[in-house]
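Inspection log for the structure reproduced underneath, given as structure tokens.
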Amino acid sequence: MKKGFLIKIIRFKSGDSELTIKSMFGIFIVLLVFFILYTVIQGNVGVKIQEQQFSSYYELENTFLSLLGSHCISIGNYSTKWQFPIQSVLDYVKLEQLNNNNEELWCVENFNFIYSLKITDLENGKVFNLGIKNLPEFSERTITTTLASSIKYNTTHPVTNGSLPEIHQARASLTIYTGNIPSFYGRIKKVCHSKTRETYNLVTDYSISYDSKKKIFRVGEFYFYPYFGCNVRSFNITKGEHLVVIDFKDNQVIVAT
């Protein structure tokens with residue numbers, strides 16, 4: 001009797017052990033599948049982040065080259081044939097007029113970020129600050145790139161009395177500020193350009209407003225003078241999460257929450 005009883009106990013323990021091993025194996029399979037799915041998802045997220053980064057760099061370079069070749073700051077204009085703007089040869093008079101104005105340049109359009117452009121004369125040390133003046137706290141990502149340029153101080157043309165233009169070597173640095181709020185600002189510009197209607201999910205820790213009379217765009221205590229290609233009606237948005245409707249009506253853009 002005792003021997004049979006022991007055999008039953010042994011068999012029971014053996015079955016219990018098999019059940020435990022199967023359970024552990026099942027848990028391992030579940031964990032393995034979860035790990036694979038997590039790795040795939042993370043990989044996809046990483047790819048999307050990289051795509052966004054490459055897109056930002058690509059747009060940064062395009063905007064930079066467009067700015068350095070625009071008639072806003074380069075020598076020449078569109079009034080006569082010889083005066084077509086020359087890439088990266090900047091006009092001292094134009095730079096001086098735009099220096100520290102805290103305003104967006106109107107000659108190059110962009111819809112995804114705000115920026116500042118710093119031109120440094122490498123020979124006399126003079127610095128020209130174009131675009132927004134201060135670093136915005138609401139920027140989620142900042143990218144800076146630098147290119148060689150030059151500044152022409154004597155803009156008289158043609159050269160008379162044998163005098164040559166005074167040209168200094170310079171360094172141009174463009175910094176862009178991206179994130180939810182710069183994208184929202186760009187969306188307003190886009191609707192102004194396309195004359196359509198869009199919605200935007202705005203998440204902000206700052207109040208955002210635009211004064212159409214003073215032409216001032218504010219984010220908290222930060223402000224600058226924007227460039228819109230059309231009239232934009234004044235608006236005020238409190239901090240928080242909002243589904244914003246940006247609509248073009250009656251020849252103006254209306255921003256409403």
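Rule-based calculations on the coordinates, nothing more; no lab input. Predicted, not measured: the structure shown is a model, and the values here were computed from it. Methodologically, a virtual Cβ is constructed for each residue, glycine included, from the backbone with ideal geometry; neighbour enumeration extends over all protein chains shown.
Going by how many other beta carbons lie within 10 Å of each one, how would you line up Arg218, Arg197, Arg187, fewest first?
Arg197, Arg218, Arg187
Each label point is 7 Å from the Cα along the Cα-to-Cβ direction; what then is the distance between the points at Tyr58 and Trp106, in nm?
A separation of 3.1 nm, rounded to one decimal place.
7 Å from Cα along Cα→Cβ at both Asn231 and Asn134: what's the point-to-point distance in nm?
Result for the modelled spin labels: 3.1 nm.
Could you give the alpha-carbon Rg of the stretch 181-256 over 2.2 N^0.38 Å, rounded to two decimals?
Dividing the Cα radius of gyration by 2.2 N^0.38 Å gives 0.99.
Quick one: of Lys152/Lys195; Lys94/Lys239; Lys133/Lys213; Lys118/Lys214; Lys118/Lys189; Lys126/Lys213, which pairs are farther than 31 Å apart, Cα to Cα?
Lys152/Lys195; Lys94/Lys239; Lys126/Lys213
Across the stretch 105-122, in residue order, what do the Karplus-derived ³J(HN,Hα) couplings come to in whole Hz, using 6.51 cos²θ - 1.76 cosθ + 1.60 with θ = phi - 60° and x for Gly and Pro?
Karplus-based 3J(HN,Hα) across the stretch 105-122 equals 5, 8, 7, 10, 8, 8, 10, 10, 7, 10, 8, 9, 10, 10, 10, 10, 6, 7 Hz.
Based on the Cβ-Cβ distance from Thr144 to Asp250, what FRET efficiency comes out when R0 is 35 Å, to the nearest 0.05?
It comes to 0.30.
Along the Cα→Cβ direction, 7 angstrom out, place labels at His71 and Ser194. What is the inter-label distance in nm?
The answer from the label model is 2.8 nm.
Return Asp205, Asp91, Asp247 ranked ascending by Cβ neighbour count within 10 Å, so the fewest neighbours appear first.
Asp205, Asp247, Asp91
From the phi of every residue in the stretch 210-219, what ³J(HN,Hα) in whole Hz does the Karplus formula 6.51 cos²θ - 1.76 cosθ + 1.60 yield, where θ is phi - 60° and glycine or proline is x?
Rounded to whole hertz, the list is 9, 9, 6, 7, 8, 6, 10, 9, 10, 10.
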